[in-house]
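Student: Before I ask anything, here is the structure I am working with.
The values are calculated or read from the model by the stated rules, or taken from the named source; none is laboratory data. As the structure is a prediction and not an experimental result, all values here were calculated from the model. Here the Cβ positions follow ideal geometry from the backbone for every residue, glycine too, while neighbour counts run over all protein chains shown. Accessible surface areas use protein heavy atoms only, side chains included; no ligands, DNA or RNA. Shrake-Rupley method; radii C 1.70, N 1.55, O 1.52, S 1.80 Å.
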There are 4 protein chains.
Amino acid sequence: MCRWMAWLGQPVLIEELLFNTPHGIVDQSLHARMGAEPTNGDGFGLGWYGQGEGPGIYRSVKPAWGDDNLREIAAHIEAPLFMAHVRAAIGSPVQESNCHPFRRGRWLFVHNGYLGGLHAVRRDLMLAIDPERFADVHGSTDTEIVFHLALTFGLADDPIAALERTVGYIEATARAHGIPDAVQATFGVSDGVTLWAVRYATTGPQRSLFASADPDTIRTLHPENPRFQLLTHDDRLIVSEPFSDLPGIWQEIPAGTAVTVRGGGVLLEHPFRPQVVDAPALAARAGA
Amino acid sequence: MCRWMAWLGQPVLIEELLFNTPHGIVDQSLHARMGAEPTNGDGFGLGWYGQGEGPGIYRSVKPAWGDDNLREIAAHIEAPLFMAHVRAAIGSPVQESNCHPFRRGRWLFVHNGYLGGLHAVRRDLMLAIDPERFADVHGSTDTEIVFHLALTFGLADDPIAALERTVGYIEATARAHGIPDAVQATFGVSDGVTLWAVRYATTGPQRSLFASADPDTIRTLHPENPRFQLLTHDDRLIVSEPFSDLPGIWQEIPAGTAVTVRGGGVLLEHPFRPQVVDAPALAARAGA
Amino acid sequence: MCRWMAWLGQPVLIEELLFNTPHGIVDQSLHARMGAEPTNGDGFGLGWYGQGEGPGIYRSVKPAWGDDNLREIAAHIEAPLFMAHVRAAIGSPVQESNCHPFRRGRWLFVHNGYLGGLHAVRRDLMLAIDPERFADVHGSTDTEIVFHLALTFGLADDPIAALERTVGYIEATARAHGIPDAVQATFGVSDGVTLWAVRYATTGPQRSLFASADPDTIRTLHPENPRFQLLTHDDRLIVSEPFSDLPGIWQEIPAGTAVTVRGGGVLLEHPFRPQVVDAPALAARAGA
Amino acid sequence: MCRWMAWLGQPVLIEELLFNTPHGIVDQSLHARMGAEPTNGDGFGLGWYGQGEGPGIYRSVKPAWGDDNLREIAAHIEAPLFMAHVRAAIGSPVQESNCHPFRRGRWLFVHNGYLGGLHAVRRDLMLAIDPERFADVHGSTDTEIVFHLALTFGLADDPIAALERTVGYIEATARAHGIPDAVQATFGVSDGVTLWAVRYATTGPQRSLFASADPDTIRTLHPENPRFQLLTHDDRLIVSEPFSDLPGIWQEIPAGTAVTVRGGGVLLEHPFRPQVVDAPALAARAGA
């Protein structure tokens, strides 16, 4: 159920990480190994920070492996920060407005996982979205609702805290409907400068999530690999599943953890703790 | 902004009315004469009652004039009742979930026109949809909201009365937001037996809508036309704009009017009068 | 590399065999077991003989598993004879004109497999197509070339003999280019009355192909299965891979074999022997 | 039947010329004024020289006016040289492989117009394509054949001379089939440094083609327009039809003329004279 990746580092042609790696995200669209299904063929999306104002987005309902335009774009756009997502739909239609990443202003958002009992909780969740933003929800995925809740709960000020409030609110709502598995998620967020990622589940085994190791370590471990020698201190990848089986390249992000990635190769881990949100205040807001 | 047509009569190959008429709905996708724009190229849909359970739907984001599959389907499906719609998008994405007709059970629904100030009223309108059906809204058009409001207000019992309540509620909501042009619409509805159509606008000039004349009249007026000689007493068309300029073939449906079409060529006109709906009751329901 | 199926028998809703079987062709688009790849997600096609003139075709570049229109069409069209194909592209673009079945007049044609060294032999093969039909090749698959060669070599008079000449000609052409694996193929052909299928390879292991067993046998072996009790003497399936693992339901079509399926459950096997075609005559024709 | 544009000048965000002009090429996809039809909604393509190796291409079967990805790409890619094309199909399918520009190596090619009697001459024309390149023709447009003929006749050495030979060969072939209107065309070609354009017809009125005037002239004529003040000496546009009605901005390229556009605002006109190509030599080559 979906795979995603994010790059923050030196500017690279996007194809380097989408196509020119042994088990990159496009290969994962056809042959994922750690997901619920090997096939993530229900559309995809790419968001990048490069030329022009704010992030660009390319989304398509085609499988990533067969989209010629994705090859073209990836081969002709350089970016220091980008996110790609391949989708395995679970209920909502295969349409561009359901493809990740979602965007608002400078913000991009991707998700792997699901909200439990979505049909039952959708209305309550949408009522908690800032009424001004309500009409900006164009698709029908759970992810877009999570994103707009997070925007409502302060994503632009503190993404991790906003996601903790969002997940807390979703869990409270699900509980009220008797739904035990409220949230199964890895999230990726960026504002074009910093990259945040979350690995969390209300219950049960958590979706996989990995960060690339320190570039020094990678180069030292694999001196024979010319691609790795090009890595700099700035370069970090966050991925749903590793691009290769080489030892020492990837470190698993622990369950219930948020990470912050910044230029200079900074990778900080924090516990991710859903927050109880003041329900009456929200209800009042929703009833406005 | 959109064109639609509906056929109720003897079973015919759908292509007879989509392609084999001089200015049929597919020609109107490229060369509409009475709409706001000549081009209705933002997807289309066809709903028909034939083999299998309930109505079938074929929808595509391609322009109707260029879709080979539509030609195939129209040339190989016979139906006594079908509706086709070509779309000119005004704001919402070009995606299949935004293509008409919309369906629930045996019911099909099409619309030409718009809701004024949709961005402002969308949330309030969606709150009035039966909470059980809230999660069934998959797209982002005004039409799908109208359809689900009408279902909430009793479409299955009395389609015209339900649409009068729906329009009344939308007008009240728009008024509360200071929006004068709440509803501009022609609607088409069917349950597979009967066909209903509405022509109405809160204010300003109304969208065009026509019914085909009595088949006897048509045959008498145009004895030289072999296609017209095939018409039976059962056959009626409702169209956004006439398929031909021939005199005596089409009768304009008056502004502010609903029509009911039944087998045997029955065509009844009724005034369409939006109803004031009990707002507190709705609010209570919405807050449930 | 592709899966296909064909039904000849009592008229059925197409969905019965596309969706309502445990491992039908749509499931095989995602989870094929006997093909080179489990995924056949590069478009699909359905051809059926029902209402209207000649066979209808619905083709799409979407994966079969995610195409809502395919579900609709399959649920609302009944046919006594139809063929469906899910594609795994190997080189040629994912576009409708490359989706099977191909059609000419009453004839439909599907293929699983490939022509070896297609890039090298394409020109020579196309030169052998009847010059009058040359411009009818709209796509870029090997299959469409095979189909037009077979039409040139008399498909309409004797499909199996025409395919034997076609394969013989392709093998001779490949040999001249030093290509050993000229043809890897299962073919399916129909004129709306009879169904023909071929299993053949110039060299190496052959693609899988199966026929459903005699309905009496199936019903007797599985008396508990209510679906099987509905089978009549007229019903036969030809499939790239079985829909189920139940014993006694499927019989493998031997390597190097053509079969003819007719109403009344007739299933005849013949050896398939490529014919040497008079090369000078063809060259003269090609040079015309 | 199609509109195209090409920019050579200072690097600009592509959207400046696709979307941010009053009657740019995207507007022309819906409202062309000088073409055979106002609607060019059968797909489009964009080719640009920017980051990465060689030109990038984005092609889609959607109408240009409704493609969100085109807006994204145009808003986030800067290029000093690019070509865009909106298509009105006349016979060949709406598929990406039929969208312009066509590409080989560093070369891009676009076309407005048609080859007369294409069905009759297609085979002879394809036989004259370098046999090594024959299998590179992936679509079914006349334009792709013209492009591969021009490559065969030396496009990479002298584009205009190669097109003169190409047109001469097509005219000779058409004549042999009794077709009078062999070629109706404006062509655009680039190698990433220079831009060439041709306006020519075997007979009858010629398709429109314009070049932007000298930037000094434009700035002097319209001192009030802030966009025009940004023009430099390097900037030139070639367009099927003008983006605006402002006087002095556009100069018509005369009938039967080729132009060469280079950096520094160079715009050279030459007569375009189809060349008689040695037919026996070609025949020998084709028979190889």
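Student: Charges at C-beta only: +1 for Lys and Arg, -1 for Asp and Glu. How large is the resulting dipole of the stretch D:118-243 about its Cα centre, in Debye rounded to 20?
Tutor: That gives a dipole near 340 debye.
Student: How high is the relative contact order of the stretch A:154-288, in percent, with contacts defined as C-alpha pairs under 8 Å that are six or more residues apart?
Tutor: Result for the stretch A:154-288 is 27 percent.
Student: Roughly how tilted is helix C:159-176, in degrees to the nearest 10 and between 0 and 90, from the longest Cα axis of chain C?
Tutor: The two axes meet at around 50 degrees.
Student: Do me a favour and compute the ellipsoid semi-axes for the stretch D:138-242 from its Cα gyration tensor, root of five times each eigenvalue, largest one first, whole Å.
Tutor: 34, 16, 11
Student: From the phi of every residue in the stretch C:185-201, what ³J(HN,Hα) in whole Hz does the Karplus formula 6.51 cos²θ - 1.76 cosθ + 1.60 yield, where θ is phi - 60° and glycine or proline is x?
Tutor: Residue by residue, the stretch C:185-201 yields 7, 10, 10, x, 9, 8, 10, x, 10, 10, 10, 10, 9, 9, 10, 7, 8 Hz.
Student: For the stretch D:23-119, state the average projected area of the convex hull of the C-alpha atoms over all orientations, rounded to one decimal in nm².
Tutor: Answer in nm², one decimal: 6.7.
Student: Name the residue, out of A:H148, A:H222, A:H100, whose mean-square fluctuation peaks in a Gaussian network model built on chain A with Cα pairs under 10 Å.
Tutor: Highest fluctuation among the options: A:H222.
Student: Continuing with this model, one more query. Amide H to amide H under 5 Å from D:R103: which residues, 5+ apart in sequence or cross-chain, H placed 1.01 Å off N in plane?
Tutor: Here the answer is none, since no amide H 5 or more places off falls under 5 Å of that of D:R103.
Student: Taking R0 as 56 Å, what FRET efficiency do you get between B:A36 and A:H31 from their Cβ-Cβ distance, rounded to the nearest 0.05?
Tutor: My answer for the efficiency is 0.70.
Student: Fully extended, how many nm does the chain gain between B:R133 and B:R273 (0.36 nm per residue separation, minus their Cα-Cα distance)?
Tutor: 47.8 nm
Student: Which residues make up the longest stretch of chain D clear of GluC sites (Glu not before Pro) that lie in a DSSP loop with no more than 13 other Cβ atoms within 10 Å, not counting the sites?
Tutor: It works out to D:133-223.
Student: Compute the normalised compactness of the stretch D:77-134: alpha-carbon radius of gyration over 2.2 N^0.38 Å, N being the residue count.
Tutor: Cα-based Rg divided by the globular estimate yields 1.35.
Student: Please give the total accessible area that chains C and D bury against each other, computed with a 1.4 Å probe and expressed in Å² to the nearest 100.
Tutor: When C and D are taken together, about 1600 Å² of accessible area is lost.
Student: Another question, then. Give me the percent of accessible area attributable to carbon and sulfur for the protein assembly as shown, probe 1.4 angstrom.
Tutor: The value for the protein assembly as shown is 54 percent carbon and sulfur by accessible area.
Student: Please compute the per residue accessible area over the protein assembly as shown with all protein chains in place, 1.4 Å probe, rounded to a whole number of Å².
Tutor: 35
Student: Taking chain B as a Gaussian network, where each spring joins two C-alpha atoms under 10 Å apart, which residue of B:I14, B:I170, B:I179 fluctuates the most?
Tutor: B:I179
Student: Please report the relative contact order for the stretch C:50-194, taking Cα pairs under 8 Å with a sequence separation of at least 6, and give it as a percent rounded to a whole number.
Tutor: Over the stretch C:50-194, the number comes to 28 percent.
Student: Apply the Karplus curve 6.51 cos²θ - 1.76 cosθ + 1.60, θ = phi - 60°, to the phi angles in the stretch B:54-65 and return the couplings in whole Hz, x for Gly and Pro.
Tutor: Once rounded to whole Hz, the list reads x, x, x, 10, 10, 10, 8, 8, 6, x, 4, 5.
Student: What list of whole percents do you get for P(r) of the stretch A:1-78, with Cα-Cα distances grouped in 10 Å bins up to the one holding the largest distance?
Tutor: All Cα pairs, binned at 10 Å, distribute as 19, 53, 25, 3 percent.
Student: For chain C, calculate the relative contact order in percent as a whole number, restricting contacts to Cα pairs under 8 Å that are 6 or more residues apart.
Tutor: That works out to 20 percent.
Student: Mind putting a number on the dipole of the protein assembly as shown about its Cα centre? Charges go on the C-beta only, +1 for Lys and Arg and -1 for Asp and Glu, and I need it in Debye to the nearest 20.
Tutor: 0
Student: Kindly provide the pair-distance distribution of the stretch B:190-265 built from C-alpha pairs, with 5 Å bins from 0 and whole-percent values in order of increasing distance.
Tutor: 3, 15, 24, 22, 19, 10, 5, 2, 0
Student: What is the dipole size for chain A, taken about its Cα centre, with +1 at each Lys and Arg Cβ and -1 at each Asp and Glu Cβ, in debye to the nearest 20?
Tutor: In debye, rounded to 20, chain A gives about 520.
Student: Could you bin all the Cα-Cα distances of chain D into 10 Å bins starting at 0 and give me the percent of pairs in each, rounded to whole numbers?
Tutor: Percent of Cα pairs in each bin: 7, 30, 37, 20, 5, 1, 0.
Student: Could you work out the Rg to Rh ratio of the protein assembly as shown, with Rh taken as the Kirkwood radius (inverse of the mean 1/r over all Cα pairs)?
Tutor: Radius of gyration relative to Kirkwood radius: 0.96.
Student: For a label point 7 angstrom out from the Cα of C:A156 toward its Cβ, which stretches of the stretch C:113-149 have the backbone nitrogen within less than 17 Å?
Tutor: The answer is C:129-137, C:147-149, whose backbone nitrogens lie closer than 17 Å to the label point.
Student: Right, next: Mind jotting down the three principal axis lengths of the stretch D:50-172 based on Cα atoms? Whole angstrom, largest first.
Tutor: 44, 32, 23
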